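**Q** Below is one structure. I have some questions about it.
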Amino acid sequence: MWRAIMLGVVVLTLVLPVGRGQSLPSKARCRVDEQYFGAQVQRDLLLKLQRMSDPRATFSEDEIPAKELDARIKEMTSCIVVDQANLRNYEEATSTFQSDIEIRENDFIRRHHMLSEFYAEDSRGLR
């Protein structure tokens, strides 16, 4: 349920601005990009698994940068509107990209020793 609500929020915040002067991608582009993005995600997952098994491993330049993940989330969210027949594929891609960003954000917070500050602010209701 929570995931559906979050996806709805993502759709509203990302798709609505597209209607203001920007065009939506075509169904064909959506389908090709979703397959291409999916192959890259599988490759990146293997890189992550390698990193997890070797604590000395660091970020790979082959991984998709966070800004590119944001752009892909926007595109796949637009594709949800354009191509309802493949709704599930676009939802899964969007969810995967968002999860990747969240993992990186969490790693950033831990790396910069900001977790205690996060917990302190959260306990004060700052969300």
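**Q** Take Asp70 and decide whether it is on the phi < 0 side of the Ramachandran plot and surrounded by fewer than 16 Cβ atoms within 10 Å (Cβ to Cβ).
**A** In short, yes.
**Q** Further question: Kindly establish whether Asp122 is at pLDDT below 90 and either touching a Leu at 6+ places or on another chain (Cβ under 6 Å) or farther than 15 Å from Phe37 by Cα (or both).
**A** No; evaluated as a whole, the condition is false for this residue.
**Q** Could you check, for the stretch 103-115, whether at least one of its residues is in a helix (DSSP H, G or I), in contact with a Leu (Cβ under 8 Å, 6 or more places away or on another chain) and exposed (fewer than 15 other Cβ atoms within 10 Å of the Cβ)?
**A** Yes, the conditions are met somewhere in the stretch 103-115.
**Q** So Glu68 passes all but one of these: (1) modelled with pLDDT under 90; (2) within 17 Å of Glu105 (Cα to Cα); (3) part of a helix (DSSP H, G or I). Which condition number does it fail?
**A** (1)
**Q** Identify, please: which residue in the stretch 48-57 is in a loop (DSSP other than H, G, I, E, B) and more than 15 Å from Ile103 (Cβ to Cβ) and is, among those, modelled with the highest pLDDT?
**A** Per the stated criteria, the residue is Asp54.
The values are calculated or read from the model by the stated rules, or taken from the named source; none is laboratory data. Computed from a prediction, not measured in an experiment: that's the story for all the values here. All Cβ positions, glycine included, derive from the backbone under ideal geometry; neighbour counts span all protein chains shown.
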